[in-house]
Amino acid sequence: MRTDFIFSFLVHVILIAILVISTPFRPKVRTDLGEVISVNLTSLPASLQPQPQQKPEQITIPQAIEADEPEVSVPELATVTETKPVEKPKPKPKPKEPKDDTYRPKTEKGDHDQAGLPEGQKDVSQNLGSGSKFGGAAIDNASFDYPYWFVQAFGKIERNWSNPVYANRPLSCVVYFQVITSGRIIKTEIEKSSGVDAFDRACERAVKQAQPLPPLPGDFAEEILGIHLEFPYSPL
């Protein structure tokens, strides 16, 4: 089947080739163009010929001339030399004198043992009695002169006093308190601390627990008496 197809194809190719070769090729010339007019080309007169375009002239803009600024002479500044102030040697601090913590009760003015203390205060340490645990006492009102009252009041405070600490150095605490006419204590505070909180609290507690103190004498004109009482401690 395939062989017959190839054979048929070749036969057709050969026939087409024979037809092409046997038919001569002749170019066809058109004869229907009509009359032919001959034209001679001549050059145009010079007046009608296009003139070449002239290039526009370039306009040059002159650059502005900058005037030179006049030179100004600057006067030379004088050289200033800084001079550091001469530091004076600082004086050496004077050694501090050891602070005297010894409590001095306030007394009335004129007492040779308590000179320079505030006016109107009185030393009543002599009313503490022999063998007292207190180091000193003073009152704010110099007109209060009732020794028996001090013996009773200080004795009651002493019975409530108990030292809770043991130290290797002396201690001193001053408690300030106020007593009204009835003997009731209305104010208590640490006036001078010993530096040991437990010792200070025990001193203040001894005063508070002693109230009420004996009533103030009836012929005493004031209603309040302020007292400064020292609680000392000395190591064994």
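General remarks:
- Whole-number D in µm² s⁻¹ for the range 159-236, Kirkwood Cα-pair radius fed into Stokes-Einstein, 25 °C, 0.890 mPa s: 184 µm²/s
- Label sites at residue 205 and residue 219, each approximated as a point 7 angstrom past Cα along Cα to Cβ, lie 4.1 nm apart.
- By the beta-carbon count within 10 Å of each Cβ, the least crowded to most crowded order of 12, 228, fewest first, is 12, 228.
- With the simple model of a label 7 Å out from the Cα in the direction of the Cβ, residue 7 to residue 191 spans 15.8 nm.
- The listed peptides 164-172, 129-137, ordered by packing as a protection proxy, come out as 129-137, 164-172 (highest mean of other Cβ atoms within 10 Å first).
- Difference of contour (0.36 nm per residue) and Cα-Cα distance, residue 163 to residue 14: 38.4 nm
- Amide H partners (placed H, <5 Å) of residue 136, local residues excluded: 230
- Karplus-derived 3J(HN,Hα) values for the range 135-144, using 6.51 cos²θ - 1.76 cosθ + 1.60 with θ = phi - 60°, are x, x, 8, 8, 10, 7, 10, 5, 7, 7 Hz; glycine and proline are entered as x.
Quick note: the coordinates plus some simple rules give every number you see, no bench work behind them. Everything numeric in this text was worked out from a predicted model, so none of it was measured. All Cβ positions, glycine included, derive from the backbone under ideal geometry; neighbour counts span all protein chains shown.
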